[in-house]
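Enquirer: Right, I'll just put the structure down here and ask away after.
The values are calculated or read from the model by the stated rules, or taken from the named source; none is laboratory data. These numbers come from a predicted model, not from an experiment. Cβ sites come from the backbone with ideal geometry, for glycine too, and all protein chains shown count toward neighbours.
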Amino acid sequence: MPGMFRRCAMAGLAALVCLPLSAAVADPKPIGQPVVNYVPVSWAGEIWLAKNSPVLTAGPAPNYWSAAPTNVSVDSQGYLHLSVEKIGGRWLCAALQSVKDYGYGTYRFVMSTPLSAFDPNAVVGMFTYNNSPAYGHQEIDVELSKWGVPSPTAHNAQYVVQPWRWKHHTRRFLAPPAAALTYEYTWSPTGVTFKLFDGSGADAPLIKTWSTTANPGPPEAGTKLNLNMWLFQGHPPYNNQHQEVVFQDFTYTPATA
């Protein structure tokens with residue numbers, strides 16, 4: 001039962017916080033949506049909250065979520081693992097939300113998992129989000145998915161400044177599928193610039209950039225950073241195999257005044 005589960009430090013895992021889910025904070029969702037619990041996790045010098053809703057589905061899509069070490073863990077190298085696992089007949093997804101607020105500055109995500117490892121129904125997200133609907137929830141997305149299309153030529157990545165339907169707010173593309181990549185975006189008062197680097201080092205070559213004047217507005221209180229891995233429309237993987245994304249690191253450089 002969710003209320004009985006405890007996250008505890010395990011051999012080979014680094015800096016996980018031990019806390020009963022009954023003591024975790026509740027997600028302030030609008031009336032009518034399921035209540036989701038969050039469990040603290042330490043990674044990349046920050047405290048994050050792992051999403052836990054293994055009994056009732058919650059967004060994005062009708063998915064189940066788990067904060068168990070089978071879905072969310074930090075290994076001995078300090079790498080973050082987010083996994084989609086089938087347990088007890090249900091596919092359980094993984095998500096983290098930052099505790100602190102974020103705003104103008106540069107966000108850099110170093111990911112060691114190549115895109116070719118993901119099933120067409122798997123989705124990996126790196127994004128800011130505010131519960132307030134103003135400015136499209138201040139949502140800036142890097143999303144990695146083929147959105148259910150099982151084709152080697154299907155676009156596997158997109159940059160979005162919500163609302164995605166507006167002009168100059170979305171850019172879909174085919175990223176190199178076989179390489180470890182670094183994803184970066186800079187949020188400024190004039191818009192957002194996205195960059196894609198080939199590799200994980202500080203000197204990794206730039207392979208793609210996109211700048212847009214789409215503006216998520218000035219940073220508001222409550223804008224959090226999120227990382228997740230989930231299933232498109234709740235559909236299971238085509239190969240019926242577990243899915244995993246590994247993040248080597250995340251850094252945030254606040255904008256200077």
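Enquirer: Quick one: how many residues across the range 155-165 are in a loop (DSSP other than H, G, I, E, B) and either closer than 14 Å to P60 by Cβ or aliphatic (A, V, I, L, M) (or both)?
Expert: 2
Enquirer: List every residue pair whose Cβ atoms sit under 6 Å apart, with the two residues 6 or more apart in sequence or on different chains, where the first one lies in the range 107-134 and is under 13 Å from Q162 (Cβ atoms) and the second, anywhere, is of a type in the set (D, E).
Expert: Short answer, once both residue conditions are applied: G125/E143; F127/E139; F127/D141; Y129/E139; N130/E220.
Enquirer: Follow-up. Take the residues of the range 62-109 that are of a type in the set (S, T, N, Q) and in a strand (DSSP E or B): which is farthest from V41 (Cα to Cα)?
Expert: T106
Enquirer: Could I ask something else about it? How about the range 216-241: which of its residues are assigned to a loop (DSSP other than H, G, I, E, B) and surrounded by fewer than 17 Cβ atoms within 10 Å (Cβ to Cβ)?
Expert: G217, P218, E220, A221, G222, H235, P236, Y238, N239, N240, Q241
Enquirer: May I ask you to list pairs of residues, at least six apart or on different chains, whose Cβ atoms are under 6 Å apart, with the first in the range 227-252 being farther than 17 Å from D75 by Cβ and the second being small (G, A, S) and assigned to a loop (DSSP other than H, G, I, E, B)?
Expert: F232/G148; Q233/A61; G234/A61
Enquirer: Could you tell me which numbered condition P30 fails, if it satisfies all but one of (1) part of a strand (DSSP E or B); (2) at pLDDT below 95?
Expert: Of (1) part of a strand (DSSP E or B); (2) at pLDDT below 95, only one is false for P30: (1).
Enquirer: Of the numbered conditions (1) crowded, with 18+ Cβ neighbours inside 10 Å; (2) under 25 Å from W65 (Cβ atoms); (3) hydrophobic (A, V, I, L, M, F, W, C), W164 satisfies every one except a single condition; which is it?
Expert: Single failed check for W164: (1).
Enquirer: If you don't mind, another one. Take the residues in the range 194-215 that are more than 19 Å from the chain's Cα centre (by Cα), polar (S, T, N, Q) and in a loop (DSSP other than H, G, I, E, B); name whichever of them is nearest to M126 (Cα to Cα).
Expert: The qualifying residue nearest to M126 (Cα to Cα) is N215.
Enquirer: Being under 18 Å from Y252 (Cβ atoms), in contact (Cβ under 8 Å) with a residue 24 or more places away in the chain and either among the hydroxyl-bearing types (S, T, Y) or part of a loop (DSSP other than H, G, I, E, B) (or both) is the filter here; which residues of the range 174-193 pass it?
Expert: Scanning the range 174-193 gives T182, Y183, Y185, T186, S188, P189.
Enquirer: Can you pull out every residue in the range 127-154 that is crowded, with 18+ Cβ neighbours inside 10 Å and assigned to a loop (DSSP other than H, G, I, E, B)?
Expert: Within the range 127-154, N130, E139, S145, K146 meet the criteria.
Enquirer: Let me ask something additional. Need the failing condition index for T190 against (1) under 14 Å from the mean Cα position of the chain (by Cα); (2) among the hydroxyl-bearing types (S, T, Y); (3) more than 26 Å from V99 (Cβ to Cβ), just the number.
Expert: (1)
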